[in-house]
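Have a look at the structure below before the remarks.
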Amino acid sequence: MKNYLPIGSVVLLKEADKRIMIIGLAQKEAETETVWDYSAVLYPEGLLDPSKLYLFNHDKLQTIFFIGFQDPEGIQFLSDISNPSESSNIGQGEL
């Protein structure tokens with residue numbers, strides 16, 4: 001079981017000088033099909049180039065500066081991706 005940080009969390013990675021903000025969870029890299037715990041963008045700049053997201057796993061976290069927005073829907077989603085065998089609704093959100 002993994003304990004993911006919510007979207008909007010601001011972190012510093014090991015051996016990094018610049019903070020990043022988490023924008024995605026359990027992200028699959030298209031070229032390699034590797035699944036990473038997080039995708040992120042520079043903080044405070046945000047998305048400067050759509051082809052340059054930061055992909056990393058939880059073990060690379062050094063410092064958590066801010067924990068992102070949490071509500072019942074987000075908490076349920078974090079629980080679902082932390083325990084995928086217990087949920088069949090992952091990624092089924094609609095606008």
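Just so it is clear, none of the values below were taken in a lab; they were calculated from the coordinates. Note that the coordinates shown come from a computational prediction; the quantities given were computed from them, not determined experimentally. Reconstructed Cβ throughout: ideal geometry from the backbone, glycine too, with neighbour counts over all protein chains shown.
Points to keep in mind about this one:
- Subset of region 12-67 [of a type in the set (Phe, Trp, Tyr) and either touching a Cys at 6+ places or on another chain (Cβ under 9 Å) or in a strand (DSSP E or B) (or both)]: 36, 38, 54, 56, 65, 66
- Criterion (within 26 Å of residue 84 (Cα to Cα), among the hydrophobic types (A, V, I, L, M, F, W, C) and in contact with a strand residue (DSSP E or B) (Cβ under 6 Å, 6 or more places away or on another chain)) met by exactly one of 53, 12: 53
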